[in-house]
Structure formats: structure tokens, C-alpha cells
1. How about the stretch 116-138: which of its residues are modelled with pLDDT of 85 or more, more than 14 Å from the chain's Cα centre (by Cα) and surrounded by 17 or more Cβ atoms within 10 Å (Cβ to Cβ)?
2. Of everything in the stretch 67-85 that's part of a loop (DSSP other than H, G, I, E, B) and in contact with a Lys or Arg (Cβ under 9 Å, 6 or more places away or on another chain), which residue is surrounded by the most Cβ atoms within 10 Å (Cβ to Cβ)?
3. Can you find a residue in the stretch 54-75 that is out of contact with any Asp or Glu (no Cβ under 6 Å at 6 or more places or on another chain), closer than 14 Å to Val117 by Cβ and modelled with pLDDT under 90?
4. On the basis of being in a strand (DSSP E or B), modelled with pLDDT of 80 or more and closer than 19 Å to Glu148 by Cβ, does Val49 make the cut?
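The values are calculated or read from the model by the stated rules, or taken from the named source; none is laboratory data. As the structure is a prediction and not an experimental result, all values here were calculated from the model. Glycine also receives a Cβ, built like all others from the backbone with ideal geometry; neighbour counts cover every protein chain displayed.
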Amino acid sequence: MQSRFSYLILILVVALVSCKKPKTYPSEPSITFKEMVKTVGSQGLDSSVVLTISFIDGDGDIGDTANVFNLFIDFFKKTNGVFEQVPLLVPGYKIPWVYHEGKDQSLSGDIVTNLKVDDFGFNFDTLRFDCYMYDRALHKSNTITTPEIVLKTP
């Protein structure tokens, strides 16, 4: 009798634990700022900024195989204490198709982008970025603004 009761308790515990539903997220991607790190070049000056953003997408349709920009990073330089947007030659970046397995369709991870300082010109020393992305269904994420970062430039 004691062992039957123990097995019944064990079966109930396993059933309760295995019935845990996966978290659900909206189908629109959501991004958050994670970090921004300067890299120093051979001449002791900052040569690039490595920007890391985190994302969560409820239906997991991140990235694309087509020749389509799906990550956009707007660049702002600080002049006389005011940030002004600077147009870039490359309007966006391509996130490759992200594959995942399992029942839970939600997807989360980090996107790391290496932004070359040389591409920005050198008439400033402080910058920040605004970032947003699109998933394959063309759902637009929220827009994040990074903290400002001071560069050591010529």
C-alpha cells in the first residue's frame, strides 16, 4: 500500500512538471540593448564599435535568405552637445535565417554587429545608435537607443 501511494505521488509530480506550458511572446520582435564595446586599432585609436543587442520573437521568424536588409542602425554624432543623424552608405544589415528546433516557436538570442569607426568620419568623438529590426513577416521591432560612447580618434 505504501509503495502504491509513493508511485502515485511520483506520477502526479511528473505530470505536473511536464505540463508546464512554454512562455508565449508577441509575433513582433522585441530588442534590448546589451552592450557596446570599443576595439583599439594598431595606432592606439578606436577602430570599431562592437554593438550587441538581444532579441525575442514569438513566432521565431528571424533572418532571411534573400538579399534583404532586416536590421537597421541609425548613426548619430554629437556636435556642440546635440546629437544629429548622419546618413550612412549602407542603409542596413542582413540577419541570416535563424533555424531552431522544437515545439516552442519563440526564439531569443543576441545579434553582434561590428561597426567600423573609419566609416563614420572623424569630425566628432561622441556617438550613439538607434536600432530596429524586421522579421520575415515584416513585423517591425521596437526601436532602441544606445548610450553614448566617446571614441579616441585622430
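1. If the condition is that a residue be modelled with pLDDT of 85 or more, more than 14 Å from the chain's Cα centre (by Cα) and surrounded by 17 or more Cβ atoms within 10 Å (Cβ to Cβ), then Leu127, Arg136 are the ones that fit.
2. The qualifying residue surrounded by the most Cβ atoms within 10 Å (Cβ to Cβ) is Asn70.
3. yes
4. Working: in a strand (DSSP E or B): yes; modelled with pLDDT of 80 or more: yes; closer than 19 Å to Glu148 by Cβ: yes.
Spelling it out, Val49 is indeed in a strand (DSSP E or B), modelled with pLDDT of 80 or more and closer than 19 Å to Glu148 by Cβ.
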